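Below is one structure, written out as C-alpha cells; comments come after it.
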Amino acid sequence: MQKNSMRILFNNSFQYLTNLGTLDLSKCDIEVIESNSFYGLNNNLNTFLDLSFNKLKNLKDFTFQHLSKLIELSLANSNIESIEPKTFFGLNH
C-alpha cells in the first residue's frame, strides 16, 4: 500500500485482512490514525508496521492497542509533534 494517498486511516480499516505479517503504509500522506484503525490485526500483523514518511502531527492514546504481536514499528520522518501518554498501550515489544 506504499505511496497511496490516504489522508485518514479509519476505524476497522484492516479488519478483514488475514495472514498479514507486514504492513507498509509509508509515503501515504497519512495525517490521522483513528484509535481503532488497526482493529482485527491483533492476531495477524506480527512483524512490521511502516508508517514512515507520512504527515502525522499527533499520535493519540491507544493508537496501537490492537497490535500486541507487533515486533517493529517505524514512524521515521513523519513530522510528529506530539505523542499522547497511552499511544503505545498494548504493544508488548
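The values are calculated or read from the model by the stated rules, or taken from the named source; none is laboratory data. Only a predicted model underlies this, so the values are computations on that prediction, with no experimental measurement involved. Please note: Cβ atoms are built from the backbone with ideal geometry, for glycine as well, and neighbour counts cover all protein chains shown. Surface areas here come from the heavy atoms of the whole protein model, side chains and all, with no ligands, DNA or RNA. Shrake-Rupley method; radii C 1.70, N 1.55, O 1.52, S 1.80 Å.
Summary of computed values
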item	result
Phi-based couplings in Hz for the stretch 74-89 (Karplus 6.51, -1.76, 1.60; Gly and Pro marked x)	10, 10, 4, 6, 10, 6, 6, 9, 8, 10, 6, x, 10, 4, 9, 4
Inter-label distance for Asp61 and Phe48, nm, one decimal - labels placed 7 Å from Cα along Cα-to-Cβ	3.3
Within straight-line cross-link reach of Lys86, aspartates and glutamates at Cα separation under 15 Å, skipping those fewer than 8 residues along the same chain	Glu34, Asp61
The chain: relative contact order as a whole-number percent, Cα under 8 Å and 6+ apart	26
Karplus 3J(HN,Hα) series, Hz, for the stretch 22-39 with 6.51 cos²θ - 1.76 cosθ + 1.60 (x for Gly, Pro)	9, 10, 9, 10, 6, 6, 10, 6, 6, 10, 9, 10, 6, 4, 10, 4, 9, 4
For Cα Rg over 2.2 N^0.38 Å, calculated from these coordinates, the label among [x] 1.32; [y] 1.07; [z] 0.96	[z]
Exposure rank, largest accessible area first [Phe62, Phe48; 1.4 Å]	Phe62, Phe48
Ile83 - accessible surface, heavy atoms, 1.4 Å probe, Å² rounded to 10	90
